[in-house]
1. What would the Debye equation give as log₁₀ I(q)/I(0) for segment 34-100 at q = 0.18, 0.23, 0.29 Å⁻¹, counting only Cα atoms as equal point scatterers?
2. Can you list, bin by bin at 5 Å, the percent of alpha carbon pairs in the chain, starting at 0?
3. Return the carbon/sulfur percentage of the accessible area of the chain, one whole number, probe 1.4 Å, all protein chains in place.
4. Take each of the peptides 42-48, 128-134, average the number of other beta-carbon atoms within 10 Å over its residues, and list them starting from the highest.
5. Under 11 Å from the Cβ of THR123, count the other residues' Cβ atoms, weight Lys and Arg +1, Asp and Glu -1, and hand me the total.
6. Using a 1.4 Å probe, what is the accessible area per residue for the chain, in Å²?
7. In whole Hz, with x marking every Gly and Pro, tabulate ³J(HN,Hα) for segment 96-101 from phi via Karplus 6.51 cos²θ - 1.76 cosθ + 1.60, θ = phi - 60°.
8. For LEU40, LEU64, write out the residues from largest to smallest accessible area, computed with a 1.4 angstrom probe and no ligands counted.
Amino acid sequence: MPARNFSGPVSATIVLCAISLASPRAAEPAEAPEVAQPCLACHGEVLGEGVPPIAGHFNNYIQLQLVAFRSGRRQNEIMQGMAAGLSDNDIRALGKYFSSLPIPAAATQADEQPDLTKAGQRTAAQFRCANCHGDKFLGSQGAPRVAHLPEFYVAKALTDYRANTRPSSGGGAMTEVAGGLSDDNIKTLAHYLAVLP
Ligand code: HEC
Ligand code: HEC
């Protein structure tokens, strides 16, 4: 009877499906949850103008930033609006999803200001930025990746910490660090971190 012949392979398929559902590969990015859809217009593979990439940031870091935007402690008109309606569960889902995505690749265009890069490297050594952010600035522990972020965005972030319009996790680490930076320091650091290979 044909039905009997089919029963073997069919049940084997069901078992295989059950196994692959139960153990998703860690390297595989999760599917975007519903709540992440509006974010992708700006933070998707093609970034909106003036928007930093958030793919591959630490889960905890993303969640902390969203909580800070929601409470208004981190000030940015667009993001305060985006975060206002998010529940704690939404924030958990967003942290989980965006942290599962691969880190964007380094920029490939040639460095047109190598002197500024060298000055930035010296400034980063002077202020021991790598102590927290890791030797390649790809992030470590609570300190996020700061390599390959847009130059304007790093300059803005450091200026915001210095002005205390952006709170810092890690016991106020960045408020303290940025307090000692001059405008010139900020300019060189932003360039250096943006052009890292
Ligand atoms: C209209 C564009 C826009 C949309 C839509 C948007 N963002 Fe943003 N996002 C920004 C901008 C601009 C910044 C930089 C804010 C600043 O300079 O402090 C930002 C910053 C962030 C940061 C902080 C990044 C960092 O490195 O500290 C996170 C996290 C974030 N957004 C998550 C989200 C999530 C989650 C959503 C969807 C719920 C979302 N954003 C929707 C424009 C947008
Ligand atoms: C004592 C540890 C420590 C040191 C030293 C340190 N950082 Fe940070 N940095 C942090 C932590 C923690 C955060 C996350 C803060 C937050 O919650 O916004 C951070 C965040 C940042 C951000 C924001 C990234 C983003 O996506 O918005 C930038 C840019 C940055 N650091 C650059 C630097 C630079 C440049 C130096 C050296 C001048 C430096 N940091 C030194 C711990 C440190």
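The values are calculated or read from the model by the stated rules, or taken from the named source; none is laboratory data. Only a predicted model underlies this, so the values are computations on that prediction, with no experimental measurement involved. Cβ sites come from the backbone with ideal geometry, for glycine too, and all protein chains shown count toward neighbours. Note: areas computed on protein heavy atoms with side chains; ligands, DNA, RNA excluded. Shrake-Rupley method; radii C 1.70, N 1.55, O 1.52, S 1.80 Å.
1. -0.61, -1.05, -1.58
2. Over the chain, the share of Cα pairs per 5 Å bin runs 1, 7, 13, 17, 17, 14, 10, 6, 4, 3, 3, 2, 2, 1, 1, 0, 0 percent.
3. After summing per-atom areas, the C and S share lands at 58 percent.
4. 128-134, 42-48
5. Values: positive: LYS118, ARG122, ARG128, LYS187; negative: ASP184.
Every neighbour counted, the sum reads +3.
6. Details: 12360 Å² over 197 residues.
Normalised by residue count, the accessible surface of the chain is 63 Å².
7. Karplus values, whole Hz, x for Gly and Pro: 5, 5, 5, 6, 7, 7.
8. Order by accessible area, largest first: LEU64, LEU40.
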